[in-house]
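A.B. asks: One structure coming up, written as structure tokens, with questions to follow.
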Amino acid sequence: MTSTIAGRVPTEQLSSVPWSPKVDSRRAATFTSFALTAAAEALLDAGWKPEHQTSRERTGVAIGSGMSSASDMAEAGRLLKGGQGRRISPYFIPRILVNMAAGAVSMEYGFR
């Protein structure tokens, strides 16, 4: 059984990763968008499209991530170091929550 555990997305393709209309892009980092795309592909590959609420509620979401958005954390650190802490986005904390990806997938499909 073969498996791919990592991949590189060229910077110029980052803007082509689709956003969910149910997830506010200001509150979610790019890794959340990747998780939504990967989940959509996985569900399609599995042929899993629960149509009843009970089936959706019995479907769990588990997404592992070692880190969320390093670029957001680096930018916040730069602002703090420069004495510009007030310029940090109010969306900073929601963007760096590592469980945001699983939450976004759950919201998108109505899974629990």
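A.B. asks: Are any of the residues in segment 43-63 surrounded by fewer than 16 Cβ atoms within 10 Å (Cβ to Cβ), touching a residue at least 24 places away in the same chain (Cβ under 8 Å) and closer than 21 Å to R8 by Cα?
C.D. replies: Checked segment 43-63: no residue is surrounded by fewer than 16 Cβ atoms within 10 Å (Cβ to Cβ), touching a residue at least 24 places away in the same chain (Cβ under 8 Å) and closer than 21 Å to R8 by Cα.
A.B. asks: What number goes with the only condition from (1) assigned to a loop (DSSP other than H, G, I, E, B); (2) within 11 Å of the chain's Cα centre (by Cα) that F111 does not pass?
C.D. replies: It is condition (2) that F111 fails.
A.B. asks: If I go through segment 64-104 residue by residue, how many of them are free of Cβ contacts under 8 Å to residues at least 60 places away in the same chain and either within 18 Å of R27 (Cα to Cα) or part of a helix (DSSP H, G or I) (or both)?
C.D. replies: At the first step, the residues of segment 64-104 found to be free of Cβ contacts under 8 Å to residues at least 60 places away in the same chain are 64-88, 90, 92-93, 97-99, 103.
Checking which are either within 18 Å of R27 (Cα to Cα) or part of a helix (DSSP H, G or I) (or both) leaves us with 65, 67-81, 85-88, 90, 92-93, 97-99, 103.
Qualifying residue count for the region: 27.
Read-outs: derived from the displayed coordinates by stated rules, not from any lab. Remember, predicted model here, so these are calculated numbers, not experimental data. So basically every Cβ, Gly included, is an ideal-geometry build from the backbone, and we count neighbours across all protein chains shown.
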